[in-house]
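Report on the structure given below.
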Amino acid sequence: MSRESTRAKLNAPSFLARNRPAPARTETPTKEDGETPANSEIDDVWRQYKAQGSPELRNQLIERYMPLVRYISERLLVSLPKSIELEDLQSAGVFGLMDAIDGFDLERGIKFKTYCTTRIRGSILDELRSQDWVPRLVRIKAGQISRAEQQLEMELGRSPTAYEMAKKLGISIHDYSDLKEASSARTIFSLSEKWDERDDDDSLSKIEVLEDKQGSNPLDALNQKDVMHAITRSLSRKEKLIVIMYYYEGLTMREIGEILNLTESRVCQIHSNVMNKLKVQLDKVRGKLLS
């Protein structure tokens, strides 16, 4: 190969591109971790706030890290009941953020995001604990039983009996029953929650599907009305009033006498006559009812 052809090959663009040294890499600060933005404005705010303690600068720092409060609140909300609102968690998290801003030391050389995350999460959890209606001792007992039950299930390969649980906890079977009862706290649900997973207007709330224990069954009410009519159709008006006020309205003999302008003994006498009369009627139709 001639010297000219070799020189031409070395000067080719492809050869120069392959053998050109790579440019030195430079690290460009990013805003991803909330500590090193492209400009140093946030650092200046931190230094000025620690030097002056200005409320305006404090508000700037709160606004700067509010997305972190929302992020932590949303993560915690996933494992909480539906009755817990995101806004309530964020409000508690803001107090944790403000405490973190006041207590942060620039000289320690740690990232504020790492420092404030723990404070925000702790503030939210403290607020949730303060709203917990179940005593803390009950929670501790329930945790002891749960851990012992899990250990025995792994050892035995089945659900442990009450005797095995009591032996594992080192208590008597009677004490275990009391501990189990004390730790079995009832859960409170919000009646305004939706019955199903849908959040549209057609979804029923829990309060709309609860059984009314004090409400009367319409069929029972009709049957009762028919029985009442059959019983009292042969009675006089005064006798009907005494039966209705005594058995359906729960009035005493004295109260009935005051309403009807009768003595208590007279009301008792009329009531006894009514019972005898109804007994005679019942004996007449007893055979028909049993047949």
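Using the structure shown, decide if residue 134 is outside any helix (DSSP H, G or I), β-branched (Val, Ile, Thr), at pLDDT below 85 and surrounded by 12 or more Cβ atoms within 10 Å (Cβ to Cβ). Considered against the rule, which asks whether it is outside any helix (DSSP H, G or I), β-branched (Val, Ile, Thr), at pLDDT below 85 and surrounded by 12 or more Cβ atoms within 10 Å (Cβ to Cβ), residue 134 comes out as yes. Would you check if there is a residue in the stretch 104-119 being within 18 Å of residue 46 (Cβ to Cβ), β-branched (Val, Ile, Thr) and surrounded by fewer than 19 Cβ atoms within 10 Å (Cβ to Cβ)? The answer is yes, given that some residue of the stretch 104-119 is within 18 Å of residue 46 (Cβ to Cβ), β-branched (Val, Ile, Thr) and surrounded by fewer than 19 Cβ atoms within 10 Å (Cβ to Cβ). For beta carbons closer than 7 Å, sequence separation of 6+ or different chains, a first residue in the stretch 110-127 that is free of Cβ contacts under 8 Å to residues at least 40 places away in the same chain and a second that is outside any helix (DSSP H, G or I) and not hydroxyl-bearing (Ser, Thr, Tyr), the qualifying pairs are 115/104.
Within the stretch 103-117, the set of residues being in a helix (DSSP H, G or I) and touching a Gly at 6+ places or on another chain (Cβ under 9 Å) comprises 112, 113, 115, 116.
Do we find that residue 69 is at pLDDT 80 or above, over 23 Å from residue 121 (Cα atoms), outside any loop (DSSP other than H, G, I, E, B) and in the same structural domain as residue 122 (by TED's automatic domain parsing) in this structure? No.
The set of residues in the stretch 37-94 being surrounded by 15 or more Cβ atoms within 10 Å (Cβ to Cβ), more than 33 Å from the chain's Cα centre (by Cα) and of a type in the set (Ser, Thr, Tyr) consists of 49 alone.
Among the residues of the stretch 243-267, those that are of a type in the set (Val, Ile, Thr), modelled with pLDDT of 90 or more and buried (at least 17 other Cβ atoms within 10 Å of the Cβ) comprise 256, 267. Only a single item in (1) at pLDDT below 85; (2) assigned to a helix (DSSP H, G or I) is not met by residue 82, and it is number (2). Within the stretch 80-95, identify whether any single residue is touching a residue at least 24 places away in the same chain (Cβ under 8 Å), of a type in the set (Phe, Trp, Tyr) and under 16 Å from residue 122 (Cα atoms), and answer yes or no. Scanning the stretch 80-95, I find at least one residue that is touching a residue at least 24 places away in the same chain (Cβ under 8 Å), of a type in the set (Phe, Trp, Tyr) and under 16 Å from residue 122 (Cα atoms), so the answer is yes. Restricting the search to the stretch 235-286, which residues are farther than 21 Å from residue 221 by Cα and of a type in the set (Ser, Thr, Tyr)? Correct list: 236, 252, 263, 265, 272.
The values are calculated or read from the model by the stated rules, or taken from the named source; none is laboratory data. For clarity, every value in this text was computed on a predicted model and none was experimentally measured. No Cβ is skipped: glycine too gets one built from the backbone with ideal geometry, and neighbour counts run over all protein chains shown.
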